[in-house]
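Novice: What follows is a structure written as structure tokens; I'll ask about it next.
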Amino acid sequence: MSYDLDHVTASCPCPCGKGEIVYGSGTNDWNQTRDGMMEIWCSDCCKKYKFSKNGLLPVDFPDYQGDPIIKDKMDKLQYRISNYDGTTPERISQYLSEEECEKYKARDFSIASTLRDSKKLADDYSLEELQEAAEKISAAKYSTQLTGIALELAQRHKRWNKTIRLQNVIVPILMAIRNYALYKKADKEDGQDKAKLQKQLDEYKAEYYKDYDAYEKKRLQNLIPFELKERSR
Ligand SMILES: [Zn+2]
């Protein structure tokens, strides 16, 4: 869905002087808006130039290109970091009982969801807080009897799972308590692993951008700077 720049807030003349460079917000056919749009409103200049940092460049001026093999490695590594998933089958078999494991393998949604909830609980609460809340919830008959963190956890459960039945609320809490030490150990391992991947990525980046200074010098030599002036309303 394309946006039409229909509200200009700043502008300045284009390089040839017959038209202008405009900045503002646009709307699409669905009436959604987008800020920070910039266009060249000149039939000649829009064919000759493209936007670059702090100015315009000839349309055929190349983008920076490092070693494509390293770029490929960078992209793959970046994807791995962005989509890092610590729930390996080995860990899951430690987190779940044999019976739960069977259900998990059979793609039982409730087990996967409980596992996820319990991990979030361990992220957000101390072991002592969870233990105290679990005791209170076990002793209570209705959620209306709860206070403090126990109440908070019941309400949290309701937000995620649309139920506040205490026999359901307690399930992920007990799993979080049971796996607390394992979750923390996994977090530590993942943190170290991610730091290693990040370090490797930084090394690839340094290698990929090693000629960037020379490129930037050339880019600046070809750059046509412009200065937008705010339009009075
Ligand atoms: Zn022009």
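Bear in mind these aren't lab numbers, they're just calculated from the coordinates by the rules spelled out. This is a predicted model, so every value here is computed, not measured. All Cβ positions, even for glycine, are placed from backbone atoms using ideal geometry, and neighbour counts span all protein chains on display.
Novice: Only helical DSSP H runs with n ≥ 4 go in: add -39500 (n - 2.57) per run for the chain, normalise by residue count and round the 222 nm mean residue ellipticity to 500 deg cm²/dmol.
Specialist: -18500 deg cm²/dmol
Novice: Return the single residue from R107, R219, R178 with maximal mean-square fluctuation; model: Gaussian network over the chain, springs between Cα atoms under 10 Å.
Specialist: Taking springs between Cα atoms under 10 Å, the residue moving most is R107.
Novice: Report the normalised scattering of segment 116-233 as log10 I(q)/I(0) at q = 0.11, 0.14 Å⁻¹, calculated by the Debye formula with identical scatterers on the alpha carbons.
Specialist: Debye curve over Cα of segment 116-233, log10 I(q)/I(0) at q = 0.11, 0.14 Å⁻¹: -0.59, -0.68.
Novice: Further question: Just tell me which lysines come within less than 16 Å, Cα to Cα, of K48; anything on the same chain fewer than 8 places away is out.
Specialist: Result set, ordered by chain and number: K18.
Novice: State the answer as a single residue: which of Y204, I170, Q192 lies farthest towards the positive end of the charge dipole of segment 166-206, with beta carbon charges of +1 for Lys and Arg and -1 for Asp and Glu, about the Cα centre.
Specialist: I170
Novice: Could you give the nm distance between label points at K196 and R80, where each point is 7 Å from its Cα heading toward the beta carbon?
Specialist: Taking the simple label geometry, K196 and R80 are separated by 1.0 nm.
Novice: Could you name the aspartates and glutamates whose alpha carbon sits less than 18 Å from that of K188, not counting residues in the same chain fewer than 8 places away?
Specialist: Leaving aside aspartates and glutamates fewer than 8 places away in the same chain, those within reach of K188 are D85, E90, D123, D124.
Novice: Same structure again: Quick one: 3J(HN,Hα) in Hz for segment 140-150, Karplus 6.51/-1.76/1.60 with θ = phi - 60°, rounded, Gly and Pro as x.
Specialist: Residue by residue, segment 140-150 yields 7, 9, 10, 5, 5, 7, 7, 9, x, 5, 4 Hz.
Novice: Hey, another quick one. Using the beta-carbon distance between E102 and L174 and R0 = 30 Å, what value does 1/(1 + (r/R0)^6) give for FRET efficiency, to the nearest 0.05?
Specialist: Taking R0 as 30 Å, the efficiency between E102 and L174 is 0.95.
Novice: What list of ³J(HN,Hα) couplings, whole Hz, do you get for segment 36-45 from phi and the Karplus terms 6.51, -1.76, 1.60, once you set θ to phi - 60° and write x for glycine and proline?
Specialist: In residue order, the calculated couplings are x, 8, 9, 9, 9, 9, 7, 5, 7, 5 Hz.
Novice: Among the Cys residues of the chain, which have no other cysteine Cβ under 4.7 angstrom away?
Specialist: Lacking a cysteine Cβ partner under 4.7 Å: C12, C16, C46, C101.
Novice: Pull up all non-local amide H partners of G19: gap of 5 or more, or a different chain, and H-to-H distance under 5 Å with H placed in the peptide plane.
Specialist: Long-range HN contacts for G19: C14.
Novice: Which lysines have a Cα less than 27 Å from the Cα of K162, not counting those fewer than 8 places away in the same chain?
Specialist: Those lysines meeting the cut-off are K103, K105, K119, K120, K136, K141.
Novice: Considering amide H positions built from the backbone, and no H for Pro or chain starts, which residues 5 or more places from S52, or on another chain, come under 5 Å of its amide H?
Specialist: Amide H neighbours of S52: L57.
Novice: Determine the relative contact order of segment 68-174: mean sequence separation of Cα pairs under 8 Å and six or more apart, normalised by residue count, in whole percent.
Specialist: With pairs under 8 Å counted, the relative contact order is 22 percent.
Novice: I would also like to ask the following. Which ³J(HN,Hα) values, rounded to whole Hz and listed in residue order, are derived for segment 58-63 from phi using the Karplus coefficients 6.51, -1.76 and 1.60 in 6.51 cos²θ - 1.76 cosθ + 1.60 with θ = phi - 60°, glycine and proline given as x?
Specialist: Values per residue, Gly and Pro as x: x, 4, 8, 5, x, 6 Hz.
Novice: Then there's this: By how many nm would the segment from T163 to T27 grow when fully extended, if each residue of separation counts as 0.36 nm and the alpha-carbon distance is taken off?
Specialist: 44.9 nm
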